[in-house]
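What follows is a single structure, written as structure tokens, with notes after it.
The values are calculated or read from the model by the stated rules, or taken from the named source; none is laboratory data. These numbers come from a predicted model, not from an experiment. Counting neighbours? That spans all protein chains shown, and the Cβs are built from the backbone with ideal geometry, glycine included. The accessibility values were calculated without ligands, DNA or RNA, using every heavy atom of the protein model including side chains. Shrake-Rupley method; radii C 1.70, N 1.55, O 1.52, S 1.80 Å.
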Amino acid sequence: MPALDDLPVIAPMLATAATVPDLGDPERWAYEVKWDGYRAVAAVVGDRPGVPGRARLRSRSGQDFTATYPELGELPTLLAGHDAVLDGEIVALDAQGRSDFGRLQHRGTPAGGIRVHYLAFDALFVDGVSLLAEPYPRRREILQALLPAGAHAQVPTTFGSDLEVALQVSRSLRLEGIVAKRLDGAYLPGRRSRTWLKIKHLRTQEVVVVGWTPGTGRRAGTMGALLLALPVRLPDPAVGTGWDYVGKVGTGFTDRALEEIRAELTPLERTTPAVPAVPRADAREAHWVEPARVGEVSYAEWTGAGRLRHPVWRGWRPDKSPEAVRREP
């Protein structure tokens with residue numbers, strides 16, 4: 001029986017933002033739901049007779065989610081007799097079975113009543129054999145044979161190669177979008193590939209919080225808006241990461257979230273902004289913070305000046321590192 005550390009550490013493959021015309025021949029692809037949660041790679045040593053197995057779930061940035069979501073500890077039992085590295089998404093589901101990013105944000109502890117699920121959509125390594133070079137249908141076949149449905153972990157169904165059904169159903173259920181995966185595509189760890197394309201119905205953007213401004217009126221005494229930035233490549237990488245200001249978000253917060261966000265950012269405060277060229281109106285009374293936390297917003301469009309128009313806060317992204325954030329095409 002191998003130890004958990006004997007299993008390979010595999011960085012998740014990333015999808016490229018695209019539109020339907022980018023697909024070309026739609027029958028060359030398989031279509032899956034774009035789940036709205038935290039991406040996680042699960043390394044699992046399955047149970048053996050008399051010997052319990054172990055599981056470890058890591059985010060794309062390497063954060064260990066194992067203790068955060070103890071109900072996913074059923075994975076070793078489900079994979080009894082097998083050892084595997086799986087790719088999937090940690091989600092919280094609403095009453096209609098849709099992934100709800102807001103519920104995941106307010107999960108708190110398992111005792112709070114919000115249970116999470118691990119939706120495994122790829123098998124990367126099974127019983128000592130790497131599957132990375134195998135085409136998508138073969139990896140999916142192995143995954144479905146390997147992982148039976150549990151109370152909190154399962155293999156979600158796909159739309160097969162029917163693009164019209166994928167688009168129609170995902171829109172009618174108000175899902176975030178779909179992911180198209182080339183049938184002949186291998187798994188490319190850590191790479192953003194065009195053999196996986198994400199087609200969104202909702203425009204979302206990961207952002208790095210660089211400051212906040214006090215609230216007024218009903219929000220007096222708490223936070224009014226978050227100041228946002230994206231990392232930019234500097235001419236000299238040795239200098240560190242540069243930041244480009246992309247606007248502020250002041251909607252989408254519950255009262256509880258406002259209090260929690262301010263408490264979380266207070267220890268990160270600094271005296272000067274990490275980002276240059278913040279408009280004077282946005283910088284007025286600003287409390288600057290280290291660019292250490294990633295969030296997500298929905299938005300209407302990008303302005304000509306490179307600002308987010310009508311952003312709405314969706315929540316934190318603890319599965320992402322600030323330096324890995326990029327502007328979505």
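Details
- One Cα centroid belongs to segment 28-71, the other to segment 148-177; the line between them spans 19 Å.
- ³J(HN,Hα) computed for each position of segment 63-75 - Karplus, 6.51 cos²θ - 1.76 cosθ + 1.60, integer Hz, glycine/proline x: 5, 7, 9, 4, 6, 5, 10, x, 5, 7, x, 6, 4
- Residues whose amide H falls under 5 Å from that of E134, counting only those 5 or more places apart or on a different chain, are Y187, with hydrogens built in the peptide plane.
- A simple spin-label model places pseudo-atoms 7 Å from Cα toward Cβ; at E259 and E290 they are separated by 2.6 nm.
- Computed over neighbours whose Cβ is under 12 Å from that of A186, the net charge equals +2, Lys and Arg +1, Asp and Glu -1.
- Cα-based values for segment 171-321, radius of gyration first and Dmax second, are 17.4, 57 Å.
- Sparse-neighbour loop sites [trypsin sites (Lys or Arg not before Pro); segment 178-216; at most 14 other C-beta within 10 Å; DSSP]: R191
- Ratio Rg/Rh, restricted to the chain and using Cα atoms, in which Rh is the Kirkwood radius: 0.98
- Ellipticity at 222 nm from helices only: DSSP H runs of n ≥ 4 in the chain, each -39500 (n - 2.57), divided by the residue count, give -3500 deg cm²/dmol.
- Accessible-area composition of the chain, carbon plus sulfur, in percent [1.4 Å probe]: 52 percent
- Hz values of 3J(HN,Hα) by residue in segment 291-298 - Karplus curve (6.51, -1.76, 1.60), Gly and Pro given as x: x, 10, 10, 9, x, 9, 10, 9
- Along segment 147-160 the Karplus relation, 6.51 cos²θ - 1.76 cosθ + 1.60 evaluated at θ = phi - 60°, assigns HN-Hα couplings of 10, x, 6, x, 5, 10, 9, 7, 9, x, 6, 10, 8, x Hz to successive residues, with x for each Gly and Pro.
- For segment 74-178, the orientation-averaged shadow of the C-alpha convex hull comes to 7.7 nm² (one quarter of the hull surface).
- E269 paired with R48, simple spin-label distance in nm, labels 7 Å along Cα-to-beta-carbon: 5.5 nm
- Relative to its residue count, segment 209-291 spans a Cα convex hull of 97 Å³ per residue.
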